[in-house]
Amino acid sequence: MGKKTKIVGITLGVILVVLIASLLTLWIMFPPEKIKALIIPQVEKALDRKVTLEKASLSFFPVMGVNLGGLKISNTEREGFSDEPFVQVENLMIQIPLLTLIKKQPEISKILIKKPQIILEIDSSGHFNYDDLALIPKDKKADEDTVKKSESKGMIALPVPITLKEFTIQDGAFTYRDRRSGQEFVVGDMDQTVRFSIDKELKDVNTSGDLVFSQVSVKTKEITKPLSDLRISLSHDVQADLISGKADLKMVRLSFQKVFLNLNGTVSNFNAVPHLDLQIDSDPIEIRDILAEIPRELVPDLARLAASGTAELDLSIKGALEKNAKFPIQGSLTIKDGMVKYSDLPKSINKINTSLNFTDNSLDIRNLSLLFGANPIELKGTVKNFASPVIDLLVKANVDLGDLKQMASLPEGASLSGKIKTDISAKGMVDPSDPSKLDVKGRADLQDVSIKWPPLVKPAVINGLFTLSSKAIGHNLALKMGNSSMKMDASINNYLSMIIVDSTKKAPRPSIDFKITSPLLNFDEFLPPAKETADTENKAVAKTDDNSSGGPLIAPLPGIDMKGTISASKIVYKNVEMKNMQMKVSVLNDIADLDIKTGFAKGTITEKIHADLRNTKLVTIRNNLAISEVEINDLLVRFGNFIKPTNALNKELRNVQNNLYGKINLKSDLTTTGGTQQELSKSLRGTIDAKFANGKISNSLILNRISGILSKFIDVKDINFRNLKTTLRIEDETVYFDNFNLQSDLAGDWDLRGNVGFDAKLDMNIDHRMTKAASQKVLAVQNTSKSKLQGMLEGTKLSAASGLLDNVGIPSDAEGRITLKIALSGTASDPKPTFSGFGKGSSSSSAASKTQTPKEQVTQQVKSVIEQNKATVEKKLTEEKQKIEEEIKKKVPVTPDQGQELKNKAANKLKKLF
């Protein structure tokens with residue numbers, strides 16, 4: 001026995017000497033510099049990057065190991081990337097006990113990576129800094145084929161089991177920088193400890209450990225000030241069978257700042273269609289901690305918001321993750337003693353408590369209660385099948401509006417008071433094409449609800465009841481504002497079509513039926529007085545001009561039909577007082593009809609408006625207006641401010657209120673089409689027939705200018721008339737005076753033809769038939785004194801022919817009345833009348849006679865005198881012929897061609913007389 005023992009001892013000694021000698025030989029053969037010379041070229045070739053290594057060493061007994069220090073791999077040399085190393089590691093150490101290799105049970109006792117730093121970058125073109133690494137496959141198809149081949153082989157058994165006792169990362173750092181989006185994510189400190197073991201059959205794989213990211217910062221374009229000092233941790237203890245595809249998650253704990261989530265359960269069949277059976281729950285979460293982590297740059301209002309309370313989340317994920325299947329999740333959320341408060345409000349929303357359960361396709365709100373100030377609100381309900389929801393909801397609230405001023409910021413001058421009590425339920429299917437499947441019931445009682453809201457200067461006090469059903473909302477309200485009051489009975493039918501979006505367009509169209517009655521509505525009592533100045537009006541005109549070309553006339557309609565009546569014994573608005581107003585409103589399929597009748601200024605105004613609003617880009621409007629026995633000055637004074645100064649003519653119309661008086665009877669029929677104010681103006685057309693009785697024109701600029709040129713004949717600065725009739729035709733942005741006839745005892749008769757454009761340019765001809773008394777006065781002057789007649793014609797175009805008119809006379813009609821002809825040009829703000837001569841004198845045809853030039857009128861009168869006194873004046877005319885021609889040529893402004901033509905005509909006519 002001793003001999004054998006001695007032999008074994010000697011054998012072992014020899015083996016040990018050989019092993020030591022072998023290890024010594026390896027150590028001598030592979031000094032650090034030679035190791036570096038062997039490693040660096042291979043790594044540089046594999047990566048196609050510059051690699052530096054400060055030190056390298058091998059150990060063989062009792063632990064085989066590699067120790068590398070100062071490892072750096074350079075970044076890409078392409079433009080757009082930094083010069084910082086792609087990867088750098090202060091120390092990398094791997095240790096494997098030699099005996100575990102001999103026993104064929106390899107055990108990695110330690111892997112240590114100390115201070116690793118990795119930089120991942122994306123340039124402005126979207127390329128990564130690792131795209132040009134040599135080991136990255138350039139042929140995507142070849143890479144995909146390799147993956148498919150690898151997958152087809154399935155799991156490959158290991159020749160021996162492997163154990164990793166400790167894998168440690170110390171003081172690591174990671175930087176992600178995206179120059180395209182401006183994002184940057186930095187992990188300033190990364191520490192990890194992992195333990196790992198795997199059997200050679202791959203049926204018992206165990207891993208546990210901790211990973212901590214601290215000093216994390218995030219910066220984006222939206223978050224200019226980086227989020228910093230964030231902390232994320234992950235702890236795990238997992239056992240897996242890679243062959244059967246099953247994992248047992250004994251413990252997984254994830255944290256982000258002060259929010260902690262716990263996970264446990266199993267995952268089976270993960271090699272094919274994974275089946276999950278997981279439970280996730282949270283530690284109690286402080287709501288204020290969650291809000292504290294949200295960047296204020298993203299939600300600035302959070303700086304004024306305070307919140308508290310706790311929340312707990314429980315989730316269960318159970319089921320297979322099949323393709324296109326819903327995620328098999330269900331869970332619950334509980335909030336206890338929640339509170340929300342804005343810094344600028346004295347009171348908070350408090351006592352928020354709720355418990356709700358949910359799945360991938362349902363929601364069950366067991367109870368949601370809160371105090372809105374001191375007002376309780378409660379909600380309960382369920383929602384099933386989110387694709388075609390079936391709901392069962394109940395809402396109850398009892399709100400004192402006086403508390404709202406402490407719960408919400410009201411505009412300056414606003415106030416609320418009174419109580420609203422609601423009790424509403426909804427049960428059934430939410431079907432957009434058939435809202436009646438949802439059974440809605442409820443009511444809202446308004447008790448002395450007082451609302452004062454800018455611009456109202458007096459509060460509106462409302463009492464009444466709202467009732468809800470599946471079909472309609474009913475209103476029965478009484479409102480009082482100062483001395484004004486009204487009652488409204490109304491119903492909104494098919495209102496659910498406005499709430500539930502219907503893409504099929506099969507839901508019934510909502511409609512409103514209403515009836516409003518009032519003894520008095522004095523808007524001037526509860527609306528502030530207008531404070532318009534010339535400057536603000538000019539700005540309004542400029543704004544109108546800006547919007548007229550491209551801005552929409554009206555917004556798209558909400559798709560609601562409407563039918564109702566409004567009756568008011570008296571209405572006052574901007575000093576306009578109307579009595580016994582009756583209005584009928586009808587809107588059907590976006591075609592509106594308004595029928596209004598009201599008493600005004602001891603007369604009546606009736607207006608019918610038909611508007612086709614189906615296409616808001618091409619609106620069609622027809623307006624029929626009738627005014628009966630209304631004082632025109634009252635009408636213009638009261639309604640003049642409602643005329644929008646959208647063009648020059650409208651501006652001048654607003655000034656007519658200072659010029660025109662008398663009773664008016666008017667009928668108009670106007671139509672227009674367009675989508676902007678400018679288009680409506682261009683397409684406006686129609687007729688206006690108006691009659692005035694016992695009226696007056698005073699302080700008129702046009703009349704004053706006409707008076708200036710007629711002052712030798714008559715003073716017409718003001719006109720008191722018996723009757724005034726006019727027919728106006730509007731088209732092509734022009735108002736045509738097809739007929740205008742004014743009769744005055746003192747100022748004579750006035751007939752007008754012509755037009756005025758929307759730009760206020762005038763193009764008119766006026767026949768003024770002087771009264772008989774005024775005409776006789778002029779005729780008497782011409783019969784008594786040549787010099788007086790010359791003085792009377794001084795300043796007119798006939799002054800040059802006054803010598804002749806002394807002989808032939810001013811024309812007058814059978815009644816002895818003179819007709820003066822006036823041409824009117826210029827603009828309404830700067831009219832330019834000119835005296836163009838006399839009428840023929842025929843009372844029956846004066847209005848239709850052709851306007852003659854002064855020269856033509858002289859020749860005509862000469863002919864008339866010769867026929868009457870041929871023998872007497874024959875000699876005189878022959879002597880005066882040359883004189884007349886020369887004098888007219890000298891003093892009357894005519895062109896050479898016109899002068900020659902006049903001369904020839906005069907000679908021919910004189911020849912015929914003899």
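The values are calculated or read from the model by the stated rules, or taken from the named source; none is laboratory data. Values in this document were obtained by computation on a predicted structure and should not be read as measured data. Neighbour counts are summed over all protein chains in view; Cβ atoms, including those assigned to glycine, are modelled from backbone coordinates with ideal geometry.
Select from region 73-84 the residues that are surrounded by 17 or more Cβ atoms within 10 Å (Cβ to Cβ) and without any contact (Cβ under 8 Å) to a residue 40 or more places away in the chain and list them in ascending order.
Within region 73-84, Ile73, Ser74 qualify.
Scanning region 196-206 for residues being closer than 30 Å to Leu230 by Cβ and surrounded by fewer than 16 Cβ atoms within 10 Å (Cβ to Cβ) gives a total of 0.
Yes or no, residue by residue, for (1) in a strand (DSSP E or B); (2) over 30 Å from Lys617 (Cα atoms); (3) at pLDDT 75 or above:
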site: Ala490; (1), (2), (3): yes, yes, yes
site: Glu525; (1), (2), (3): no, yes, yes
site: Ala542; (1), (2), (3): no, no, no
site: Asn547; (1), (2), (3): no, no, no
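Residues being buried (at least 16 other Cβ atoms within 10 Å of the Cβ) and of a type in the set (Gly, Ala, Ser) are entirely absent from region 290-305. Taking the listed residues Gly319, Gly309, Gly331, the one that is touching a helix residue (DSSP H, G or I) at 6+ places or on another chain (Cβ under 7 Å) and surrounded by 16 or more Cβ atoms within 10 Å (Cβ to Cβ) is Gly309, with no other qualifying. Restricting region 23-66 to residues that are of a type outside the set (D, E, K, R), out of contact with any strand residue (DSSP E or B) (no Cβ under 7 Å at 6 or more places or on another chain) and under 18 Å from Val87 (Cβ atoms) leaves a set whose member that is modelled with the highest pLDDT is Pro41. Just one residue in the set Glu77, Glu84, Glu121 is at pLDDT 85 or above, part of a strand (DSSP E or B) and acidic (Asp, Glu); that residue is Glu121. Checking each residue in region 573-600 for being in contact with a helix residue (DSSP H, G or I) (Cβ under 8 Å, 6 or more places away or on another chain) and among the basic types (Lys, Arg) picks out only Lys574. Put simply, of Ser217, Ser235 the only residue that is touching a Gly at 6+ places or on another chain (Cβ under 9 Å) and either modelled with pLDDT of 90 or more or not assigned by TED's automatic domain parsing to the domain that holds Lys114 (or both) is Ser235. For region 108-127, a tally of residues being closer than 14 Å to Met64 by Cα and crowded, with 18+ Cβ neighbours inside 10 Å returns 2.
Residues in region 374-429 that are of a type in the set (Ser, Thr, Tyr), assigned to a loop (DSSP other than H, G, I, E, B) and free of Cβ contacts under 8 Å to residues at least 60 places away in the same chain: 1 in all.
Of the strands (runs of 3 or more DSSP E) that lie entirely inside region 185-294, those containing 2 or more residues that are charged (D, E, K, R) span 205-219, 227-241, 246-256, 275-282. Within region 227-265, the set of residues being over 43 Å from the mean Cα position of the chain (by Cα), under 19 Å from Ile280 (Cβ atoms) and loosely packed, with under 15 Cβ neighbours inside 10 Å comprises Leu234, Lys250, Met251. Only residues that are buried (at least 17 other Cβ atoms within 10 Å of the Cβ) and in a strand (DSSP E or B) were counted across region 430-443, and they come to 3. Residues that are among the acidic types (Asp, Glu) and either modelled with pLDDT under 90 or assigned to a loop (DSSP other than H, G, I, E, B) (or both) within region 159-183 comprise just one, Glu166. Looking only at residues in region 649-706 that are in contact with a Ser or Thr (Cβ under 8 Å, 6 or more places away or on another chain) and small (Gly, Ala, Ser), the one that is surrounded by the most Cβ atoms within 10 Å (Cβ to Cβ) is Gly674.
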